[in-house]
Amino acid sequence: MTAIQDVDAVLFSNKIMKKLLSITLTLLSIYLSAVEFPIVNGTETGYKEWKGVVGLWLDDTYICTATLIHPKVLLTAGHCITENGETWNITVMSGSNITGWEGSIVANVADTKTHPTWNGNINESTAIDLALIKLDRDVTNIESYKIRNYPESSIGDVGVVVGYGITASDNDDTGIHRKGTAKILQKGILSGLGNRYLLEVGSPSSTCSGDSGGPFFTMQNNQYVVTGVTSFGIKSSCVPDEDGFEMQVVKYRSWINSVVKDWTGDGIDCLKNSDCSDEMLCSNGECIVNTENDNDADELDDEDITITTDKDEIVDEDDPGHVIPYPTDNETNDKDIIESDPVCGNGVVEGFEQCDDGNMIPEDGCSPLCKGEYLEEDDGNSGCGCNLIF
């Protein structure tokens, strides 16, 4: 081999090494990026959590996300119902992967309603990108979520985004149920983004195409509530640390409540009694004062008498040793109604008394507690006024 050939071989070898090094650095960069931000919308759930977050197939072509806020109502984005003059045909799906019809149909769509300001154009400065979907039946096998109430969330609050979106702008992996942790970066009527209340969320996770209509959850009263509905991003590509813009639902809560109530008769204040404060009950989605208190007990309290855990006895609080058994139903008009504290020994049978012979002498047919006594014989003259043998 000549000297020139030796030099060429070395140069070729150096080019190969540089190329390999470049490829290695590129792969390392991708790997490190992936380690820091696994996917834009977080990690796959396997549909083992956040089951009330479901997918929407639009014309069997596009995917959106929605949240069950009532057994018969879904909350989503307006552009997941109608966009630029086109109204979508919607199929509601659930599961870890709803692509290729691998998921399960949740229910059929009975009705839809977009916010009154929504005109199908996200670029319209006053368009509120919210919508509700009425289902044809109650869905009770997956969890429903409450809508955030005041006080509203704050900048810096950490929550969870959930959706069926892609993991990056150039990826084709939509339709997988994913979650990610994000925090509120800014909120309110944001400069250059119209006259509507928004939240920007991100870091370390954010949202992308397919997550539209999905929820951003934050904690309120020790439970996750829907605080935002994914609407749009303004960057040319999806990024994990910012650019997830959500409709701030607390600002539009009254509209949501009115539609849900019109469709179902229920409000959105509560889903169960524990959602309400003490002394309140959840009734038809609204927290109401508990009116099921025992009126009998209230009356007895007024008379210094309380009902013990043994419902066959009444105890006089002024004399705890004075335990008075209830008579049986056929011995009084109504054992549950006691108008006043009867006086045993006054010769008048009243309230829960079985007898009253005008004295407090035992073994004369009527006990000192005004209860009939067992007698060997009863000639009708015992003074109990009842001629009963017990």
* Measure out, as a whole number of angstrom, how far apart the alpha-carbon centroids of segment 125-152 and segment 54-87 sit. => 11 Å
* To do: Kindly put Tyr252, Tyr62 in sequence by how many other C-beta atoms sit within 10 Å of each C-beta, fewest to most.
  => Tyr62, Tyr252
* To do: For Asn123 paired with Asp173, estimate the spin-label separation in nm (one decimal), with each label point 7 Å from Cα along the Cα-to-Cβ line.
  => 3.2 nm
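Which entries of Lys72/Lys183; Lys48/Lys183; Lys187/Lys272; Lys72/Lys235; Lys48/Lys235; Lys51/Lys261 show an alpha-carbon separation above 25 angstrom in the structure shown?
From Lys72/Lys183; Lys48/Lys183; Lys187/Lys272; Lys72/Lys235; Lys48/Lys235; Lys51/Lys261, over 25 Å: Lys72/Lys183; Lys187/Lys272; Lys72/Lys235; Lys48/Lys235.
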* Structure fact -> Over the Cα atoms of segment 111-186 the radius of gyration and the largest Cα-Cα distance (Dmax), both in Å, equal 16.0, 39
* Segment Ile155-Val289, extension gain: residue separation times 0.36 nm, minus the distance between their alpha carbons -> 44.8 nm
* Asked: When ranked by the protection proxy of mean other Cβ atoms within 10 Å per residue, highest first, what sequence do the peptides 207-215, 267-275, 172-180 form?
  -> 207-215, 172-180, 267-275
* Spin-label zone in segment 241-268 - amide nitrogen under 11 Å from a point set 7 Å from the Cα of Ile189 along the C-beta vector -> none
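How much space per residue, in cubic angstrom, does the convex hull of the C-alpha atoms of segment 174-255 take up?
With only Cα atoms used, segment 174-255 gives 104 Å³ per residue.
Every number in this text was worked out from the coordinates using simple rules, so none of it is lab data. What you see is a predicted model, and the numbers here were worked out from it, not measured in a lab. We place every Cβ from the backbone using ideal geometry, glycine too, and count neighbours over all the protein chains shown.
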